[in-house]
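Peer 1: One structure, pasted below without further comment.
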Protein chains: 2
Amino acid sequence: MIIAGIVAEYNPLHNGHLYQLDTLRKQLNPDVTIAVMSGNFLQRGEPSLVSKWIRTRMALEAGIDLVLELPYVFAVGKADVFARGAVTILDRIGANRLIFGSECGRIEPFYNSLSLIHENKPIYNAHLIEAMAQGVSYPNAHAAAYRFIAQNCKKELVDLTQPNNNLGFQYVNAIDQLGSTMIPVTVRRKQTEHNDLSLDPDASIASATSIRTHLLSGRPLKRISNKLPVYTVAALQDAEKTNGYASWERFFPFLKYALLSSSKERLLSIYEMEEGIEHRLLDCIRTANSFHEFISRVKTKRYTWARLQRLCVHILTGASKHDAKPLALYGDPDSARLLGMSQKGQAYLSSIRKNSAFTIISKIRNYRSPMLELDIKAAQIYDYLAANRNATRTETGHPPLRYDQKNYE
Amino acid sequence: MIIAGIVAEYNPLHNGHLYQLDTLRKQLNPDVTIAVMSGNFLQRGEPSLVSKWIRTRMALEAGIDLVLELPYVFAVGKADVFARGAVTILDRIGANRLIFGSECGRIEPFYNSLSLIHENKPIYNAHLIEAMAQGVSYPNAHAAAYRFIAQNCKKELVDLTQPNNNLGFQYVNAIDQLGSTMIPVTVRRKQTEHNDLSLDPDASIASATSIRTHLLSGRPLKRISNKLPVYTVAALQDAEKTNGYASWERFFPFLKYALLSSSKERLLSIYEMEEGIEHRLLDCIRTANSFHEFISRVKTKRYTWARLQRLCVHILTGASKHDAKPLALYGDPDSARLLGMSQKGQAYLSSIRKNSAFTIISKIRNYRSPMLELDIKAAQIYDYLAANRNATRTETGHPPLRYDQKNYE
């Protein structure tokens, strides 16, 4: 039985994702397909355009059988933390294949790169630490250290400066570290040769980044509807008619207020806040009139844009070092929240539930854990800020979506 | 030399205040009149309609010579804390008369009541504690204890169930406790016989409460302009044209967000948060769609409306027990911020500055104290929330207003 696992954000789900799922079906013909999907805040430290429930519906329409939520501490984490959380959940739920898109498109180079780093760990670490001590950001320090040990390598390596290659490498590494028997499978990303941000009007596939940029700038949805499945278009049309898209610019007044009302001590208690950066944040926020302006001012070469955005998500949700750090560092998810399922997914869940020590949470009223508390808090804040503040949607009362039935529940 | 002190909120300054100042001039003919005025958050736990700077201008137009800011910890404090802070500042700045409005209108009953409580302190305290142990709010417990010791008293006492009598009593008590030589003088409040909330269209005097209720409900300013001096009308017209009035309902989304993003531990660190109430606040906020709805749900007989509102101000400004409690309990202001002055006020300041250990803060850039930090934080939050979030007004750079000059600075 082939149980295929995918790590996804679906922000929004587009034709590129469908292409990946089609390739998966042709290559593996899985019995069940499981997606571990980020909630309302994403790995680059941004709110999702539309809520996790709307994105879950898209995933079910696209043929995913089970959608599980990647907990906040992993979803809004550095690439290695993100990968470890997602891979662990897929392993525990019984996935035996992990499918990911990459620029590279073949799996051997990932293993070669992994071996290379393992075999040259002391040299790699020495270079990494030296660069970071000079104020270089982690991703750039990693790239330089990797380049150094790669220079005399005869085997084919994966180009880790490509974003999807890098994330895929983190998955392969996480599988290795976890000692999982899950087999990683990579699908070559199909996309135009152009820059990620540009949109070819006739192409049926565009990057999620370019789609979001188009939508958040207020340009018409119909101009890019050829790049999206019909149900995504319908969901986005619905969002445009009601609450609009969630974005950092819309949430910015609340971030600004959160910073204005915080003491330095309080800021230092926020997850991923490093000594020193709190002064910059407080100095820059007073006169900043937009999120973009704010981050531009705070930015130094030490911090990547994504890292600052993640830090801002933690400020917005009030995620503290005390609550989040132990979970992100050592957290071994023994449970995951079920966001949606097809009938096939439901049958699969029933079959594994008897034997599994892993808890699938359907009703969060009946379950409490520190990890879930952070998810609920983040979701309540997102719902309130995204819904123009008049929503009374109760995150805690939301049941998993069911597909194949006449109506969604 | 008669230096008259007044404790004020001027929210907004109306004809009743002018009547008080006129009576003061006729009765005392003071050489200098000094107002200690609350900043942007007031004793009943509400944001002021318009900022402290606009209200300072009203005070100067009305003939006040010096306007000093009552620090946040006192301004948003229980009546006794509020009175102690204001009276201390007036004493330190050299005021030798304290003028306050009251329903009673004569000073002897205040002294009689003060003596009565002093002489019956053990019985009074026993009754107070017993009632509070039964869950009665402090003001009601105080009223019952006072009624008990007053029942056999032959002297004329002041009716402390009247709000202005009660506040006046706190001033007299604070003068006594401080050992100040300042002489309290009370002016009978001139107002209609009607309920505070009703507005007689023809009367030239109405309560500040009824004026605020009228304005915040969106009714036309011109309908009540006969109850306000022309400069108040002009300032309010200006506010209506630009940012509108600050109010709890406008600030509510930020209070709701602050609660949604706070843990119980964080809430318990907030000033005046008592163990137990944090659960009610978190339970009631989720589905509350307005400030009024929220407070109505949280309200019990143990907490007065004003006390809950003050608690909400502390949540909004992030005022912690750690920062605020020592100041409110033992804080002895050795400085006060100058908000505005007439030429006469400026001359008076020069005359006392040489000999005084009390610091008048004109440029807050040059002065730092824990008390002032709270004021600045509260003002920055108020400015941001009241100014429709596009203000770049820098509280820290605002100099005192000067009257008598061609233009305000």
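The values are calculated or read from the model by the stated rules, or taken from the named source; none is laboratory data. What you are looking at is a predicted structure, and each value in this text was computed from that prediction instead of being measured. With ideal geometry, Cβ positions are generated from the backbone for all residues, glycine too; neighbour counts draw on all protein chains shown. To get the accessible areas, we keep the full protein, side chains included, count just its heavy atoms, and leave off ligands, DNA and RNA. Shrake-Rupley method; radii C 1.70, N 1.55, O 1.52, S 1.80 Å.
Peer 1: Looking at the range B:1-15, which of the residues that are at pLDDT 95 or above and assigned to a loop (DSSP other than H, G, I, E, B) is farthest from the chain's Cα centre (by Cα)?
Peer 2: Of everything passing the filter in the range B:1-15, B:Ile2 is farthest from the chain's Cα centre (by Cα).
Peer 1: B:Thr242: surrounded by 19 or more Cβ atoms within 10 Å (Cβ to Cβ), among the hydroxyl-bearing types (Ser, Thr, Tyr), outside the structural domain of B:Arg297 (by TED's automatic domain parsing) and out of contact with any strand residue (DSSP E or B) (no Cβ under 9 Å at 6 or more places or on another chain), yes or no? Give the steps one after another, and end with the answer.
Peer 2: Numbers: surrounded by 19 or more Cβ atoms within 10 Å (Cβ to Cβ): no; among the hydroxyl-bearing types (Ser, Thr, Tyr): yes; outside the structural domain of B:Arg297 (by TED's automatic domain parsing): yes; out of contact with any strand residue (DSSP E or B) (no Cβ under 9 Å at 6 or more places or on another chain): yes.
Against the criterion (surrounded by 19 or more Cβ atoms within 10 Å (Cβ to Cβ), among the hydroxyl-bearing types (Ser, Thr, Tyr), outside the structural domain of B:Arg297 (by TED's automatic domain parsing) and out of contact with any strand residue (DSSP E or B) (no Cβ under 9 Å at 6 or more places or on another chain)), B:Thr242 does not qualify.
The rows are residues; the columns are (1) more than 30 Å from B:Leu255 (Cα to Cα); (2) not aromatic (Phe, Trp, Tyr); (3) not in a helix (DSSP H, G or I).
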site	(1), (2), (3)
B:Glu69	no, yes, yes
B:Ala86	no, yes, no
B:Gly105	yes, yes, yes
B:Asn125	yes, yes, no
B:Glu130	yes, yes, no
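Peer 1: Related question: Of the residues that make up the range B:92-103, is at least one out of contact with any Gly (no Cβ under 6 Å at 6 or more places or on another chain), open to solvent by less than 20 Å² (accessible area, probe 1.4 Å) and assigned to a helix (DSSP H, G or I)?
Peer 2: No; the residues of the range B:92-103 include none that is out of contact with any Gly (no Cβ under 6 Å at 6 or more places or on another chain), open to solvent by less than 20 Å² (accessible area, probe 1.4 Å) and assigned to a helix (DSSP H, G or I).
Peer 1: Of all the residues that make up the range B:346-361, how many are surrounded by 14 or more Cβ atoms within 10 Å (Cβ to Cβ) and closer than 21 Å to B:Val73 by Cβ?
Peer 2: Final tally of qualifying residues: 4.
Peer 1: Checking A:Thr33 against (1) over 29 Å from A:Lys325 (Cβ atoms); (2) assigned to a helix (DSSP H, G or I); (3) touching an Asp or Glu at 6+ places or on another chain (Cβ under 7 Å), which test does it fail?
Peer 2: (2)
Peer 1: May I pose another question? Counting residues that are more than 14 Å from chain A (Cβ to nearest Cβ) and more than 22 Å from the chain's Cα centre (by Cα), which helices (runs of 4 or more DSSP H) fully inside the range B:287-378 reach at least 1?
Peer 2: Details: elements: B:291-298, B:305-317, B:321-330, B:343-353.
Helices (runs of 4 or more DSSP H) meeting the threshold: B:291-298, B:343-353.
Peer 1: Here's another thing I want to ask about it. Looking at this structure, is B:Lys227 of a type outside the set (Phe, Trp, Tyr), in contact with a helix residue (DSSP H, G or I) (Cβ under 7 Å, 6 or more places away or on another chain) and within 11 Å of chain A (Cβ to nearest Cβ)?
Peer 2: Considered against the rule, which asks whether it is of a type outside the set (Phe, Trp, Tyr), in contact with a helix residue (DSSP H, G or I) (Cβ under 7 Å, 6 or more places away or on another chain) and within 11 Å of chain A (Cβ to nearest Cβ), B:Lys227 comes out as no.
Peer 1: Against the condition closer than 16 Å to B:Leu90 by Cβ and touching a Lys or Arg at 6+ places or on another chain (Cβ under 8 Å), how does B:Val32 come out, does it pass?
Peer 2: Values: closer than 16 Å to B:Leu90 by Cβ: yes; touching a Lys or Arg at 6+ places or on another chain (Cβ under 8 Å): yes.
It is true that B:Val32 is closer than 16 Å to B:Leu90 by Cβ and touching a Lys or Arg at 6+ places or on another chain (Cβ under 8 Å).
Peer 1: Ok, one more. Is there a residue in the range A:264-275 that is in contact (Cβ under 8 Å) with a residue 24 or more places away in the chain, in a helix (DSSP H, G or I), over 16 Å from A:Leu42 (Cα atoms) and within 12 Å of chain B (Cβ to nearest Cβ)?
Peer 2: Yes, there is a match, as at least one residue in the range A:264-275 is in contact (Cβ under 8 Å) with a residue 24 or more places away in the chain, in a helix (DSSP H, G or I), over 16 Å from A:Leu42 (Cα atoms) and within 12 Å of chain B (Cβ to nearest Cβ).
Peer 1: Out of all the residues in the range B:259-284, which are closer than 25 Å to B:Leu49 by Cα and under 24 Å from the mean Cα position of the chain (by Cα)?
Peer 2: B:Ile270, B:Tyr271, B:Glu272
Peer 1: Please determine whether any residue of the range B:241-256 is at positive phi and within 12 Å of chain A (Cβ to nearest Cβ). If you could, list the steps in order and put the result at the bottom.
Peer 2: Within the range B:241-256, the subset at positive phi is B:244.
With the extra rule that they be within 12 Å of chain A (Cβ to nearest Cβ), the set shrinks to none.
No, the conditions are met nowhere in the range B:241-256.
Peer 1: Looking only at the range B:246-282, which residues are open to solvent by less than 30 Å² (accessible area, probe 1.4 Å), out of contact with any helix residue (DSSP H, G or I) (no Cβ under 6 Å at 6 or more places or on another chain) and polar (S, T, N, Q)?
Peer 2: B:Ser262
Peer 1: Could you check, for the range B:130-137, whether at least one of its residues is more than 20 Å from B:Val81 (Cα to Cα), of a type in the set (Gly, Ala, Ser) and in contact (Cβ under 8 Å) with a residue 60 or more places away in the chain?
Peer 2: Yes, the range B:130-137 contains a residue that is more than 20 Å from B:Val81 (Cα to Cα), of a type in the set (Gly, Ala, Ser) and in contact (Cβ under 8 Å) with a residue 60 or more places away in the chain.
Peer 1: Can you tell me which residue is most open to solvent (accessible area, probe 1.4 Å) among those in the range A:287-306 that are charged (D, E, K, R) and modelled with pLDDT under 90? Break it down stepwise before answering.
Peer 2: Initial filter on the range A:287-306 (charged (D, E, K, R)): A:293, A:297, A:299, A:301-302.
Applying the additional criterion that residues be modelled with pLDDT under 90 yields A:301-302.
On the way: A:Lys301: 142, A:Arg302: 99 Å².
Top of the filtered list is A:Lys301.
Peer 1: Would you confirm whether any residue within the range A:329-340 is surrounded by 15 or more Cβ atoms within 10 Å (Cβ to Cβ) and over 29 Å from A:Asp404 (Cβ atoms)? Give the derivation first.
Peer 2: Within the range A:329-340, the first condition is being surrounded by 15 or more Cβ atoms within 10 Å (Cβ to Cβ), and the residues that meet it are A:331, A:333, A:335-340.
If we keep only those that are over 29 Å from A:Asp404 (Cβ atoms) as well, we get A:331.
The answer is yes, given that some residue of the range A:329-340 is surrounded by 15 or more Cβ atoms within 10 Å (Cβ to Cβ) and over 29 Å from A:Asp404 (Cβ atoms).
Each row is one residue, and each column tells you yes or no for (1) assigned to a strand (DSSP E or B); (2) out of contact with any strand residue (DSSP E or B) (no Cβ under 7 Å at 6 or more places or on another chain); (3) exposed (fewer than 14 other Cβ atoms within 10 Å of the Cβ).
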residue: B:Leu116; (1), (2), (3): no, yes, no
residue: B:Lys155; (1), (2), (3): no, yes, yes
residue: B:Val187; (1), (2), (3): yes, no, no
residue: B:Ala203; (1), (2), (3): no, yes, no
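Peer 1: Tell me which of these A:Val313 doesn't satisfy, since it passes every other one: (1) closer than 30 Å to A:Val32 by Cβ; (2) in contact (Cβ under 8 Å) with a residue 12 or more places away in the chain; (3) not hydroxyl-bearing (Ser, Thr, Tyr).
Peer 2: Every listed condition holds for A:Val313 apart from (1).
Peer 1: Still on this structure, I have one more. Restricting the search to the range B:55-64, which residues are touching a Pro at 6+ places or on another chain (Cβ under 9 Å) and either at pLDDT below 95 or crowded, with 24+ Cβ neighbours inside 10 Å (or both)?
Peer 2: If we filter the range B:55-64 for residues that are touching a Pro at 6+ places or on another chain (Cβ under 9 Å), which is where we start, we get B:55-56, B:58, B:61-62.
Within the range B:55-64, B:Arg55, B:Thr56, B:Met58 meet the criteria.
Peer 1: Say whether the condition of being open to solvent by 90 Å² or more (accessible area, probe 1.4 Å) and among the hydrophobic types (A, V, I, L, M, F, W, C) is met by at least one residue in the range A:158-165.
Peer 2: No, the conditions are met nowhere in the range A:158-165.
Peer 1: Looking at the range A:227-237 only, could you name the residues that are touching a residue at least 60 places away in the same chain (Cβ under 8 Å) and assigned to a helix (DSSP H, G or I)? Give the derivation first.
Peer 2: Initially, the range A:227-237 is screened for residues touching a residue at least 60 places away in the same chain (Cβ under 8 Å), giving A:227-229, A:231-232, A:235-236.
Those that are touching a residue at least 60 places away in the same chain (Cβ under 8 Å) and assigned to a helix (DSSP H, G or I): A:Lys227, A:Tyr231, A:Thr232, A:Ala235, A:Leu236.
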